[in-house]
Amino acid sequence: MADRESPLTARLAHGVKEIDAAQWAHLAGSDDPLLSHRFLSILEDSDSVGEATGWGPLPVMVERDGRLIGAAPAYLKLHSQGEYVFDHGWADAWQRAGGDYYPKLQVAVPFTPCPGRRLLGDASAVLAALESVAVQNELSSAHVTFLTDDEVADAEARGWLVRHGIQFHWFNRDYADFDDFLAALSSRKRKAIRKERAAANADVEIVELRGAEIKPADWDAMWRFYQHTGARKWGRPYLTRRWFDLVGEAMGDCTLMFLAMSDGEAVAGALNFVGSDTLYGRYWGATEDIPFLHFELSYYRAIDFAVRHGLGTVQAGAQGEHKLARGYEPVVTKSIHFIPNRGFRDAVARFCDGEREAVAREVEWARAALPYRSDPSS
């Protein structure tokens, strides 16, 4: 008679730092730097996440015989900020009904709307662990955002609800250089992009810095740009100043920065992370208003880098229909949601059904608006 398989044990840690880095890397792989033990630990070490921020690190681990076979970067959330998948309406409805929506359990890479793996290792076991944490602690819900299609399928099989969203990503179709990419666009769009690039580069010098080439003064500048953008959009930037220093120290091998220089001073910048096949555009900001400079630093320079380095995709952040005219294509993003209360779950399910239909219509419209030429002679 065959030996029975050892039982699984689920437990929580008080941060990714408490998990062995080699075991995490074994599950997470090395393709996505934003999912790495280094990146997630830096968020903790810099106090960008923590109980005081409403992002309490609570990674879920599944073990067999003391060996990590599943994990997820989970957080106990006291609000719904910094997630890019908005459930404020759900929270309001639940609280009007007399319930406490917060705290909730959130699996995510904080402040990072980049799709990728979230349920590391044995996905079904991790989902079961998340369900147990939510039920045993009487939490309103558990959420996993920006995950892969395979992970969504595992969750649907367990009865989780699925939401759809839309982003715009650029895809490298074996372009030889940036001009080769432009040749795939309609004549009108090619001319528009060339004019935008000429205007953006007219009065500044743009430098490309990678890894050790990024000096402390450059991180100082990027912090200023990040604060400027954050104050304009959110009211309070999520990342601390120390986060930038730690990223420079620990993740220099996969950082990429574009800076616009005017009279020897950086006036705008864009920070990216380089994965095995994807360039992740993360933060942009400027202290001077220069026409089209945002498009140049965040979109066109990213495309040019991806082509030169053979990367397949550029993810340039959340939302942004203006990316369509720059060759970025609509992509459906997905999140999953576990709601123990049956009545509340049914109401949210109806909302998700309608939202998916709306996203499908938006994607159809966006694909029709893409600037790629259908006639090679155009």
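The values are calculated or read from the model by the stated rules, or taken from the named source; none is laboratory data. All of these numbers come straight from a predicted model, not from anything done at the bench. Positions of Cβ are backbone-derived with ideal geometry, glycine not excepted, and every protein chain shown enters the neighbour counts. In case anyone asks, the SASA skips ligands and DNA or RNA and just uses the protein heavy atoms, side chains included. Shrake-Rupley method; radii C 1.70, N 1.55, O 1.52, S 1.80 Å.
The solvent-accessible area of ILE42, taken with every protein chain present and a 1.4 Å probe, is close to 10 Å².
Of the residues ARG342, ARG282, ARG326, the one that moves most in a GNM of the chain with alpha-carbon contacts below 10 Å is ARG342.
Counting only DSSP beta bridges whose two residues both lie in segment 251-378, roughly 85 percent are antiparallel.
Need one number: % antiparallel among DSSP beta bridges in the chain, to the nearest 5. Taking every DSSP beta bridge with both residues in the chain, the antiparallel ones total about 90 percent.
When you count the other C-beta atoms within 10 angstrom of each residue and take the mean per peptide, 295-303, 308-316 line up highest first as 295-303, 308-316. Its Cα centre serving as origin, segment 165-244 has a Cβ charge dipole (Lys and Arg +1, Asp and Glu -1) of approximately 540 debye. Just name one of HIS228, PRO216, ALA250: the one whose Cα is farthest towards the positive end of the charge dipole of segment 182-252 (beta-carbon charges, Lys/Arg +1, Asp/Glu -1). Of the options given, the answer is HIS228.
Listed values [x] 131, 49, 44; [y] 69, 52, 45; [z] 88, 39, 35 include one computed from this model; for Cα extents along the principal axes in Å that value carries the label [y].
Here segment 121-186 has 42 percent of its accessible surface on carbon and sulfur atoms, given a 1.4 Å probe and all protein chains in place. Relative to the Cα centre, what is the charge dipole magnitude of the chain, using +1 at the beta carbon of each Lys and Arg, -1 at the beta carbon of each Asp and Glu, and rounding to the nearest 20 debye? In total the dipole reaches around 860 debye. Note on segment 222-378: with charges restricted to the Cβ of Lys and Arg (+1) and Asp and Glu (-1), its dipole about the Cα centre is near 540 debye. The local environment of ALA108, defined by Cβ-Cβ distances under 11 Å, has a net charge of +1 under the rule Lys, Arg +1 and Asp, Glu -1. Solvent-accessible surface of the chain, taken per residue with a 1.4 Å probe and all protein chains present: 45 Å². When a 1.4 Å probe is rolled over the protein heavy atoms, the share of accessible surface on segment 249-378 that falls to carbon and sulfur comes to 47 percent.
Taking the chain as the region of interest, the number of lysine pairs whose Cα atoms are within less than 24 Å, with members eight or more places apart or on different chains, is 12.
With a 1.4 Å probe and all protein chains left in place, how much of the accessible area of segment 1-72 comes from carbon and sulfur atoms, in whole percent? Within segment 1-72, the accessible surface is 48 percent carbon and sulfur. Helix 123-136 and the longest principal axis of the Cα set of the chain meet at an angle near 60°.
Ordered from largest to smallest accessible area (heavy atoms of protein chains, 1.4 Å probe), the residues LYS104, LYS215, LYS334 come out as LYS215, LYS334, LYS104.
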